[in-house]
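To start, the structure itself, in structure tokens.
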Amino acid sequence: MFLEVKNLTKKYSSKTVLHSLSFGVDQNKILVVLGPSGCGKSTLLSCLNGFITVDEGAVLLDGKDITKLAPEERDITTVFQSYSLFPHMNVMQNLMYGLKFKKMSRNDARKKTLKMLHLLQMDEFANTKIQDLSGGQQQRIALGRSLIVEPKLLLLDEPFSNLDEKLRLTMRHELRQIQKELNMTMVFVTHDQQEAFSIGDQILVMDQGQIQQIDTGQGLYSTPKNHFVLKFIGDSNLLDNGDYIRPEDIVITDDPNGDGVIEQMDFQGSTINYLINYNKHVFHVTCLNRMEPLRVGTRVDVQYKVSKLEER
Amino acid sequence: MGKNHLGSKITNWFVYIVISLSILLFIFYPYLSIFVQALHEPGETFNNFFMQNIDLTKNSLFVAIITMVLSVFLAVSVTLCFVFISKKWQSILRVFLLITMVSPPFVTSLAYITLFGRRGMITHDLLQMTIDPYGPQGIILMQTLSFASLNALVLIGLLKQLEPSLINSARSLGARTDAVIKDIILPLLKPGLIVVALISFIRSLADFQTPTIIGGSFKMLASEGYFAVISMGDIHKAALINLTLAIPALIGFFLYIKYDREMSVQHHGLSSNMKAFPLPKKGFFFVGSVILSVIFYLALLLQYGSIVMNAFSVKVMGNYRFSLQPIIDSQIYLNDTITRTILYSLVAGLLGSLISFLIIYYSKVRNDRFMKFIEMVGTFPYILPGTFFGLGYLYAFSKPPLIMTGTSIIVIINVIFKQVAFATKAAKASVSQIEPTYFKTVHDLGGTVVNEWKDVFFPMTKQGFAITFLNGFISTMTTIGSIIFLVHPGQNMMTLVMFDVVQRGEYQVAAVIACMIILICLVMSGIVFGLISLSGKDWGYVFRSKKSH
Amino acid sequence: MKTIKRLGLLFVFLLGLVLVTACGNNSSKSSSKSSDTKTTKEFKGQTMNVVATSDAYQPLFDKFSKQTGAKVKVLSMSSGEVLARMKADKSKPMADLWFGGGLDAFMQAKTDHQLEKYQSNSIDKISTKYRDKDGYWLSKGLTVGGFVVNKKVLKEKGLPVPKTWDDLAKSEYKGEIIMSDPSVSGTMYAIVKGIIDKKGEKAGWDYWNKVNDNITFYGKRGKDPQEKTASGEFGIGVIPVDKMAFDAAKKDDLKVIYPSDGIPWVPEGVAVFKNAPGKKVAEAFIDFMLEPRNMKELAKLDGKDTDQIIMPGIKGLDLGLNKKDLIKENLSNFGSDRTSILNKWSDMVGDK
Ligand SMILES: Nc1ncnc2c1ncn2[C@@H]1O[C@H](COP(=O)(O)OP(=O)(O)OP(=O)(O)O)[C@@H](O)[C@H]1O
Ligand SMILES: [Mg+2]
């Protein structure tokens, strides 16, 4: 493991925010930390980059124990949610900032910065003031500023949450590209599962300071380990016995003699969500938009596949 | 509806005209008069005077420049030290700095002579030296000490803009404490540095008290100007001297306008909440700033300790004994002066702020060209020495068309309009936090100008208004130069009494008065901040939402 | 609506404040016309504005208030400042009564037509020497000059305690003497002028030249010599000798000295300002002041033992002053020579 976290515990006065977390990240992979607001995601990042001291446990990076090092001594950089670009420096100066602390000639630093600008597709903005950039451009510079020092590990704390939907999609894509190009190891914090699925090699689901499950997106979805993960990841129809049915695992067909009745229809574009009443229960159903939408009140035939929770 | 609009239009014009005229009349006209007096009245010509007294100018500039550099340097150290200390200490030290804004130079000077004088406890008794403390070195040291407080408060106010995440960012990129300070914090302070440098420069030029106490044979423009009036009754010479002072001050002023724009928030450091910063306590800047700050605070402590000691003791055969005698003695000097001073300060604070906010309403919200000019005229009293303003009043309002000297009104008007300079700055900072769309919304929904004031402008700036008021109150409580030539019997103010008793060597009484002034200012600060925190908590969030770039 | 009401209230309140504070001053003007009868001395509701050299006279003014019902407002101001203010602002009298301050200023003001003539019924009690022959001013006491010595400092330097003015010119005291700038301090001017009167023009200036060589710098405030001698910065300070000086000497363990070769002095003036709105009250006050028991009280407040010189028979304090030691001064040119003496002085001292 490239990054190894062992029994990490963090308390604020008496309240334990992180409960003995252990996990690892392989080199050149992205680990996404996913969880509801207040579950301790940012706190976990602060333990990794060293802005807060941990109460128990250890953090190992590339085989070296860095638990006690100050942030500036760790080979880790962070992209903050607020970007935190230096307002009194222009784009170039912001990007170059971290290189000041590497033993590197000014000329080399410049070259490297220009290359980074190119990678970020922002060549023409070298001398622009930070205030004159759009939100997405600022985000890119913040990312570039952290990447340029070639850290062993890059941390990102909800970096795209200030962007609009469309831009967020683009940025996810770009981030993956850049990550591949530079062979970067990353820990990415978000509370948006779509983002987690599209970015993460592995996803760590956390709640109340505890790891609920670490798996690929696929794994989390198809084999949730517990109720929290099940409820948190995707939609599901819970059955009384603890089993569940995913909305896409229900197939409905127009049938005047069917046992189900459409109660609500929600047109989503590529998909259509229905609420159906079946056996006195209400089920969520998701269908591809392949046929004429079914009207409310239509009777339907219902086929489904039950999944079991692999909880022990 | 139509009627309502007409009424509001009339109110609007009435306010606009009254404000413009009052600024022209009570700021522009006095300055104009004194300029005319200096240049056109019979007597020595300006050129002649200037050439013959070039040494005075040189001395003043010499002291002003060195004082400026040192007091800014000291203020920066104190500000940097703030970055390292906890919120609790930040609050404590800020109150302390606030207290020391009320800085009667006699205390510093007295303590200085006792310690470093020719028979000083340190220089003579301890080190067996006989050093002459009188001269430029004494003036510079005293001024540096007393200006550093205000400078530091202004700079500390700027720290509010410093986001801890910015520091974290830099650190995560590998910046150590020194680099963070050099690359992030100092650049953030830069516009403030220029502003406080100019304030110190101008204050030093205008300070006529310190040189009279500690200057020895070293002569400077401001004190000579004061003596020209006091000992020779030579108003013309005083006008010439003040004109000479005005030249560097005006040059400073234009630099100031240039840089002031960059500094959006400037509240004399009176802003409320502080925060702790995630910066490791190490490195050159940390050590340096802590050492200098400790020395600075010790010096202040010594200074204010000696005020309190003087206020509560008498000297018998060279030894101090606890006594309430000074407080009893001070009564005959004060009588109704305390109430009057508080009353004047209240009026000056309130009306000064009101006028300033209305000026800013027109100049900033309405973008009115003429009002921008009025706003600039309003900053003159900030730039030019206080005595100059006072002389202008004395000269302008002692002859037709408007004779007002000898009345209380002239003193009140003087202190009100002296506030405008600073109050407009604070008003601007406060108004810049209101989104312009609010004003449009008012009109959209059928409101008038008066509605803009009562529904948006004043309610949304009330916190800024309160702080501006407090500023005006404190500075009126401590003002001397601009009213010293204006008061007549029955109009005296506490600072003037203090200045007077210092002149006659009644330091104990002076110390009592200084304590009272400090106490009154503190109580008023407490009231204002109490009100703000009671009513204003919810406002913070509304304003913050605008912060995005 | 609430806000605008509040704003309105605030305005009314402020206006009220301004008016209230402003009226305080005007009252004297409006009511002064009413009563002319001097004998009743009933000045209820009227105000007398006073510029005085010190706030210490308050008890006397309080007594006057009690007796006549007039309100007294005092502003303490040096005589030079009074002159300057009158020069700058000719539109109004500075106040009603001018109380205390070097006579030169009063003489100057008389020449500039800024004083009102007043001859009190009891004016004869004051020796003619100490009042204006035309009745524009009178004096309430004398300020005398001497010096104060810090024994510790002199002992450390191995210097004897000086006894005479001539001692101050000795080169052994170089760097140990401090006096105030005579243009700032009326008493210092009186001392300079007194010694020139005593020694004669040439010898007098020779003397001051020698003293000047011993002086490092001149204090910019009347109190400088007293303080700086007390703090040990200097061994000898040239001062006005009054009760305050003796009190201060006791506080700081100093010694006050009346020079044995003559004591320079300056009368302290009292006058009514020209066109003073409270003229009648001011005149009544002068009558009141000249009553022997009030004169006695004044002498006590003044902390001087010189008042009996002004008004024979009044016993003030006993500070050990011998009337015979007073230098014979020429008061006639006391005011008119001021400018020329000060100019010559400033040429002599240069930049000190
Ligand atoms: N300095 C602190 N002192 C005390 N408690 C804290 C402190 N910082 C965070 N907490 C608490 O720790 C918990 C975790 O906070 P954290 O900021 O890590 O949450 P998060 O998962 O990042 O939430 P979000 O998605 O809203 O950013 C929260 O309950 C928070 O209240
Ligand atoms: Mg967070």
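The values are calculated or read from the model by the stated rules, or taken from the named source; none is laboratory data. Computed from a predicted structure; not experimentally measured. Because the Cβ atoms are built from the backbone with ideal geometry, glycine has one as well, and the counts that use them run over all protein chains shown. Just so you know, the surface numbers come from the protein's heavy atoms only, side chains and all, with ligands and any DNA or RNA stripped out. Shrake-Rupley method; radii C 1.70, N 1.55, O 1.52, S 1.80 Å.
Residue order by solvent-accessible surface for C:Thr339, A:Thr170, B:Thr495 is C:Thr339, A:Thr170, B:Thr495, largest first, with ligands and nucleic acids left out and a 1.4 Å probe.
Using C-alpha pairs below 8 Å separated by at least 6 residues, the relative contact order for chain A is 18 percent. Using only Cα coordinates, the Kirkwood hydrodynamic radius of segment B:176-244 works out to 14.5 Å.
Relative contact order of segment A:242-304, taken over Cα pairs closer than 8 Å and 6 or more residues apart, is 46 percent.
Once the dipole of segment A:3-228 is set up with Lys and Arg at +1 and Asp and Glu at -1 on Cβ about the Cα centre, which of A:Gln194, A:Thr43, A:His19 lies farthest towards its positive end? Most positive-ward Cα: A:Thr43.
Across chain B, the mean sequence separation of Cα contacts (distance under 8 Å, 6 or more residues apart), normalised by length, yields a relative contact order of 21 percent. At q = 0.18, 0.22, 0.28, 0.30 Å⁻¹, what log₁₀ I(q)/I(0) does a Debye calculation on the Cα points of segment C:139-187 give, no solvent, two decimals? With no solvent term, the Cα-only Debye profile gives -0.69, -0.91, -1.20, -1.29.
When its C-alpha radius of gyration is set against 2.2 N^0.38 Å (N residues), the protein assembly as shown gives a value of 1.21. Translational diffusion of segment A:242-304, estimated by Stokes-Einstein from the Kirkwood radius over alpha carbon pairs at 20 °C in a medium of 1.002 mPa s, is 185 µm² per second. The distance separating the Cα centre of segment C:135-194 from that of segment B:130-178 comes to 46 Å.
In loop segments of segment A:56-157 as defined by DSSP, the trypsin sites (Lys or Arg not before Pro) with at most 16 further C-beta atoms inside 10 Å of their C-beta are A:Lys68, A:Lys102, A:Lys103. Each Lys and Arg contributes +1 and each Asp and Glu -1, all at the Cβ; summed about the Cα centre of the protein assembly as shown, the dipole is approximately 2040 debye. Near C:Ile239, the amide H atoms lying under 5 Å from its own belong to C:Gly146, C:Phe147, C:Val148; only residues 5 or more places off or on other chains count, and H is placed 1.01 Å from N. Legend: Rg and Dmax of chain B, from Cα coordinates, 24.0, 85 Å.
Rounded to the nearest 5, what % of the DSSP beta bridges within the protein assembly as shown are antiparallel ones? Antiparallel bridges make up about 70 percent of those DSSP assigns within the protein assembly as shown. Rg and Dmax over the alpha-carbon atoms of segment B:43-311 stand at 20.4, 68 Å.
Along segment C:264-273 the Karplus relation, 6.51 cos²θ - 1.76 cosθ + 1.60 evaluated at θ = phi - 60°, assigns HN-Hα couplings of x, 8, 9, x, 9, x, 9, 7, 9, 6 Hz to successive residues, with x for each Gly and Pro.
Shielding by partners for peptide A:79-90, expressed as the average number of C-beta atoms from other protein chains within 10 Å of each residue's C-beta, is 5.
Helical runs (DSSP H, four residues minimum) scored at -39500 (n - 2.57) apiece and divided by the length of chain B put the mean residue ellipticity at 222 nm at -22500 deg cm²/dmol. For segment C:65-218, the share of alpha carbon pairs falling in successive 5 Å distance bins from zero is 2, 7, 13, 16, 15, 13, 11, 9, 7, 5, 2, 0 percent. Each Lys and Arg contributes +1 and each Asp and Glu -1, all at the Cβ; summed about the Cα centre of segment A:242-304, the dipole is approximately 100 debye. Ordering C:Ser79, C:Met107, C:Pro93 by the projection of their Cα atoms onto the charge dipole of segment C:52-119, which places +1 on the Cβ of Lys and Arg and -1 on the Cβ of Asp and Glu, puts C:Pro93 at the extreme positive end. Averaged over the residues of B:492-503, the number of partner chain Cβ atoms lying within 10 Å of the residue Cβ comes to 3. Against chain A, whose longest principal axis comes from its Cα atoms, helix A:135-147 is set at around 60 degrees. With all pairs of separate Cα atoms included, segment B:336-406 yields a Kirkwood hydrodynamic radius of 14.4 Å.
For segment B:396-523, what log10 I(q)/I(0) values come out of the Debye formula at q = 0.09 1/Å, with one point per alpha carbon and no solvent? For the requested q values the scattering log ratios are -0.42. Taken about its Cα centre, segment B:43-311 carries a charge dipole of about 960 debye when Lys and Arg each add +1 at the Cβ and Asp and Glu each add -1 at the Cβ. Excluding same-chain residues fewer than 8 positions from B:Lys281, which aspartates and glutamates have a Cα within less than 12 Å of its Cα? The qualifying aspartates and glutamates are B:Asp178.
Within the assembled protein chains, the solvent-accessible surface assigned to A:Leu309 is about 30 Å², based on a 1.4 Å probe. Of the residues A:Leu85, A:Thr253, A:Pro224, the one whose Cα sits farthest towards the positive end of the charge dipole of chain A is A:Leu85 (charges of +1 on Lys and Arg Cβ, -1 on Asp and Glu Cβ, taken about the Cα centre). Accessible surface ranking for B:Glu375, C:Glu201, B:Glu41, 1.4 angstrom probe, highest first: C:Glu201, B:Glu41, B:Glu375. Across the cross-link table entries B:Lys237/C:Lys199; B:Lys237/C:Lys63; B:Lys399/C:Lys280; C:Lys155/C:Lys296; B:Lys58/C:Lys251; B:Lys58/C:Lys151, which are compared at the Cα atoms, the separations over 31 Å belong to B:Lys237/C:Lys199; B:Lys237/C:Lys63; C:Lys155/C:Lys296; B:Lys58/C:Lys251; B:Lys58/C:Lys151. Pairs of C-alpha atoms in segment A:3-228 farther apart than 20 Å represent 59 percent of all such pairs.
Accessible surface ranking for A:Glu310, B:Glu224, 1.4 angstrom probe, highest first: A:Glu310, B:Glu224. When the helices in chain A are scored as -39500 (n - 2.57) per DSSP H run of 4 or longer and the sum is shared across all residues, what 222 nm value do you end up with, to the nearest 500 deg cm²/dmol? The per-residue figure over chain A is -7500 deg cm²/dmol.
Of the beta bridges in segment A:3-228, as assigned by DSSP with both residues counted there, near 55 percent are antiparallel. Going through the cross-link list C:Lys66/C:Lys129; A:Lys115/A:Lys180; A:Lys15/B:Lys87; C:Lys133/C:Lys220; A:Lys29/A:Lys115, which pairs have a Cα-Cα distance over 25 Å in this structure? As for pairs spanning more than 25 Å Cα to Cα, those are C:Lys66/C:Lys129; C:Lys133/C:Lys220.
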